[in-house]
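Engineer: Okay, handing you the structure first.
The values are calculated or read from the model by the stated rules, or taken from the named source; none is laboratory data. Small disclaimer: the values here were computed from a predicted structure and weren't measured. Positions of Cβ are backbone-derived with ideal geometry, glycine not excepted, and every protein chain shown enters the neighbour counts.
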Amino acid sequence: MTSIRLPSAISVGILIAIFVGQGGCGFARKTVSIGVVSEGQGRQIAAYADLQPDTAPGKKADMVMAGTRIPVNVLTSKFGPVFRILLRAHDETFETEVYRSGPTAFSLSEAGGDVYSPDVDLIRFPMQVGDEWTWEGAVSSGGVRRKATARVKSTTANLYDNGVPMEAVRVDVALSLYSEGTKSPAARKLVFEFVPGKGIVRREFGDASVREPAQP
């Protein structure tokens, strides 16, 4: 099983050490729908305006890596349908998230250095919370391209931001990555939690990288 590509071990070590010492242009890609697995009975998301998933999720966040919480600055940009989130700490870009926002779906293009082709639908317009669907394509990382499939499921979740409860739409992406010469695919899980009008407030890229609301 391969790990998500992150900054060098030296860079990560420096960032963690600093934290402890202080106290604490994309191109359009077609999204392919393989099929709806099941339809939900939850909240109706009829159109983009009901969720506004490409809203900037605040200017501050916490990155959690190997149990260490590191405060980061959140920078966002929009260029046509492409929405980017950059996480920076101590003058270094720590991680980049790339999404694509369109009239029928909000999709994942890149996560932690892994590029998805085609994009993976995270939110569809229209949909109901509880909907599930599948995806099939390829994941490229470090010059290596592998066949992949995924099952995407939406549910409701509760989040807290500075003690304030928020109801979120949670999307779990269960990935299977296939490599030549192996009998069983490698499994990876991605999680995205959307709050209406606040964007992706929390997300997980496997066990290696978690972004969540900054603690006071």
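Engineer: Only one of these conditions is not met by M65: (1) of a type outside the set (K, R); (2) at pLDDT below 60; (3) surrounded by 13 or more Cβ atoms within 10 Å (Cβ to Cβ). Which number is it?
Structural biologist: Unmet for M65, out of (1) of a type outside the set (K, R); (2) at pLDDT below 60; (3) surrounded by 13 or more Cβ atoms within 10 Å (Cβ to Cβ): (2).
Engineer: Are any residues in the range 89-101 modelled with pLDDT under 95 and of a type outside the set (S, T, Y), and if so, which ones?
Structural biologist: A89, H90, D91, E92, F94, E95
Engineer: Please indicate, with yes or no, whether at least one residue in the range 36-58 is under 23 Å from I200 (Cβ atoms), surrounded by fewer than 12 Cβ atoms within 10 Å (Cβ to Cβ) and at pLDDT below 60.
Structural biologist: No, the range 36-58 contains no residue that is under 23 Å from I200 (Cβ atoms), surrounded by fewer than 12 Cβ atoms within 10 Å (Cβ to Cβ) and at pLDDT below 60.
Engineer: Here is a list: E180, E167. Which entry is modelled with pLDDT under 95, of a type in the set (D, E), surrounded by fewer than 15 Cβ atoms within 10 Å (Cβ to Cβ) and under 29 Å from K59 (Cβ atoms)?
Structural biologist: Answer to the check: E167.
Engineer: Something else now. Could you list, in sequence order, the residues of the range 74-88 that are surrounded by fewer than 21 Cβ atoms within 10 Å (Cβ to Cβ) and either modelled with pLDDT under 95 or on the phi < 0 side of the Ramachandran plot (or both)?
Structural biologist: V74, L75, T76, S77, K78, F79, P81, V82, R84, L86, L87, R88
Engineer: Right, next: Of everything in the range 113-138 that's within 15 Å of A174 (Cβ to Cβ) and not charged (D, E, K, R), which residue is surrounded by the fewest Cβ atoms within 10 Å (Cβ to Cβ)?
Structural biologist: Per the stated criteria, the residue is T134.
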